[in-house]
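Below: one structure, written as structure tokens.
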Amino acid sequence: MTEVASSAEGFPKKVTYCGVCSLPPEYCEFGGTVKKCEEWLKQHHPDMHEKLYSQETIEQNLSTLSLEAQKRAEKDSQKKAAKAASAEAKAQEQRANSKVLIKRVERNKRKYVTAVQGLEAFGLDIKKVAKDFGKKFATGSSVTKVPGGGEEITVQGDLSDDIYEYVVETYKDIPEDNVECIEDKKKKGGG
Amino acid sequence: MFKKDITTGAKSKVKSSAQRGIRAKVLEEYPRLEPYIEEIMPKKEQLDLVKLPDRVSVYTLGSTPLFFQHMDDELLPHLSLVHRYPSCFPRLRIDRGAIRFVLSGATLMVPGLTSLGGRLPNDPEDEEGRYGEEELDAGEVVVIEAEGKENACMVGVLKMGTAEMKKVKKGQAFEAGHYLGDGLWGLNLG
Ligand SMILES: [Zn+2]
């Protein structure tokens, strides 16, 4: 494409997004994860990092704000950082304590369904996962309500082992230790 | 508009007749996209519609969000689309001080645009004419760029015309919009 007048860039323009906070890296400074963002940028786009985190840029950024505004911005970003850190810690703790349960449930004699619980704690959209299970294992798979509240995925057939493997393979955020296969005791008799 | 994280609702295929209608509407609202429309929404490819809470729909091509819409209102571009075709939309610029407010979802106020670091159409400081010569009216969809930044940080509907902003220099500039880091930005459409 030939270049046009003043806006010389050819479209679509390619924009890099931060691997940590997902914004264009020039906006990382306004989020709560600046430190991590900076590390990421340094590792993945050193040229951009040099430009964005140079002494010159930082001074220039500050010079456009009044002293009072600087102080407010500083306080604001500290608050944000603290908030982001505690949210991250909480999420991590939640992930560490969460379990994905894959349960073999006997429906009729020799007929089984497999119930999968707990994926949402790892940030997964269980409706989508249910669909993926259905496709992957060519069987019925749907999201159903659990009597005690919450939802689980019900897959037709005895697929505990396959699902276990698939979950561990596909969702790297879920530690293998947090995935467990169990056998549901007979419903009758009150478990 | 999208302050909270959003969970997506049903995804459905857009009928080809409706798809033609959307394409026409996009071109009517954003004529400067004309040279790129075929690469943005190729005629032969299937657009999907994803429902969001509060009667908002997003049109997507695969997992790429393109435009969103509240009920039957105007189609607003998703910021990732704006980033790819920045000069195809009317745009204004806020000063650096206003960025953090916009990114936290606060209503953008006029002083953020009329101050030294801000840019409105016909701005004497705007030597390359990046922000145009035509004043923009209330109700228009406008992209917001920021002082010292290359990429836009918000898109929304003007609440006050730019000519009036220059006169009164205060008040709310925008209705709630879509900004970097909001629920629409973070939407997982994979
Ligand atoms: Zn970042």
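So here's what we get for this one:
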quantity	calculated
Close pairs (7 angstrom Cβ cut-off, 6 or more residues apart or separate chains): within 13 Å of another protein chain (Cβ to nearest Cβ) in the stretch B:114-128, in a loop (DSSP other than H, G, I, E, B) and loosely packed, with under 15 Cβ neighbours inside 10 Å anywhere	B:Glu128/A:Ser6
Positions within the stretch A:5-20 being free of Cβ contacts under 8 Å to residues at least 24 places away in the same chain and either in the same structural domain as A:Ala81 (by TED's automatic domain parsing) or more than 9 Å from the ligand (Cβ to nearest atom) (or both), in sequence order	A:Ala5, A:Ser6, A:Ser7, A:Ala8, A:Glu9, A:Gly10, A:Phe11, A:Pro12, A:Lys13, A:Lys14, A:Val15
Qualifying residue in the stretch A:117-135 (condition: more than 19 Å from B:Leu189 (Cβ to Cβ) and either open to solvent by 60 Å² or more (accessible area, probe 1.4 Å) or among the β-branched types (Val, Ile, Thr) (or both))	no
For A:Asn61: the one exception among (1) away from the ligand (no atom under 15 Å from the Cβ); (2) out of contact with any Gly (no Cβ under 9 Å at 6 or more places or on another chain); (3) within 18 Å of B:Cys153 (Cα to Cα)	(2)
Which numbered condition A:Glu56 misses (of (1) more than 16 Å from the ligand (Cβ to nearest atom); (2) within 10 Å of chain B (Cβ to nearest Cβ))	(2)
Odd one out for B:Gly9 among (1) open to solvent by 40 Å² or more (accessible area, probe 1.4 Å); (2) modelled with pLDDT under 95	(1)
Of residues in the stretch B:60-85 being within 27 Å of B:Lys166 (Cβ to Cβ) and at pLDDT 95 or above, the one farthest from the other protein chains (Cβ to nearest Cβ)	B:Leu76
Scope the stretch A:82-111; condition open to solvent by less than 60 Å² (accessible area, probe 1.4 Å) and farther than 30 Å from B:Gly97 by Cβ; matching residues	A:Ala89, A:Ala91, A:Ser98, A:Val100, A:Leu101, A:Ile102, A:Lys103, A:Arg104, A:Val105
Top-ranked residue of the stretch B:104-113 - restricted to ones that are touching a residue at least 60 places away in the same chain (Cβ under 8 Å) and of a type in the set (Gly, Ala, Ser), ranked as farthest from B:Ile94 (Cα to Cα)	B:Gly105
B:Pro42 being assigned to a loop (DSSP other than H, G, I, E, B), within 14 Å of chain A (Cβ to nearest Cβ) and either open to solvent by 30 Å² or more (accessible area, probe 1.4 Å) or of a type outside the set (Gly, Ala, Ser) (or both)	yes
Subset of the stretch A:27-53 that is within 11 Å of the ligand (Cβ to nearest atom) and open to solvent by 100 Å² or more (accessible area, probe 1.4 Å) - its residue that is nearest to the other protein chains (Cβ to nearest Cβ)	A:Lys36
Residue count, the stretch B:45-79 (criterion: within 26 Å of B:Leu113 (Cβ to Cβ) and either touching a helix residue (DSSP H, G or I) at 6+ places or on another chain (Cβ under 8 Å) or surrounded by 14 or more Cβ atoms within 10 Å (Cβ to Cβ) (or both))	11
Unmet requirement for A:Lys79, which otherwise passes all of (1) within 16 Å of the ligand (Cβ to nearest atom); (2) within 14 Å of chain B (Cβ to nearest Cβ); (3) open to solvent by 60 Å² or more (accessible area, probe 1.4 Å)	(1)
Residue among A:Ala69, A:Ala87 that alone is under 30 Å from A:Val168 (Cα atoms), of a type outside the set (Lys, Arg) and either in a strand (DSSP E or B) or away from the ligand (no atom under 11 Å from the Cβ) (or both)	A:Ala87
Any hit, the stretch B:133-143, residues being buried (at least 21 other Cβ atoms within 10 Å of the Cβ), within 14 Å of chain A (Cβ to nearest Cβ) and modelled with pLDDT of 95 or more	yes
Single condition A:Trp40 does not satisfy, out of (1) more than 18 Å from the chain's Cα centre (by Cα); (2) at pLDDT 95 or above	(1)
Unmet criterion (only one of (1) without any contact (Cβ under 8 Å) to a residue 24 or more places away in the chain; (2) among the small types (Gly, Ala, Ser); (3) more than 15 Å from the ligand (Cβ to nearest atom)) for A:Ser98	(1)
Extreme residue, nearest to B:Thr64 (Cα to Cα), among residues of the stretch B:164-190 that are open to solvent by 50 Å² or more (accessible area, probe 1.4 Å) and among the hydrophobic types (A, V, I, L, M, F, W, C)	B:Ala176
Residue ranges of strands (runs of 3 or more DSSP E) in the stretch B:50-150 with at least 3 members of a type outside the set (D, E, K, R) and over 14 Å from B:Phe174 (Cα atoms)	B:56-61, B:64-70
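The values are calculated or read from the model by the stated rules, or taken from the named source; none is laboratory data. These numbers were taken from a predicted model, which means no experiment stands behind them. Every residue, glycine among them, receives a Cβ derived from its backbone with ideal geometry; neighbour counts consider all protein chains shown. Note: accessible area is taken over every heavy atom of the protein model, side chains too, but ligands, DNA and RNA are not part of it. Shrake-Rupley method; radii C 1.70, N 1.55, O 1.52, S 1.80 Å.
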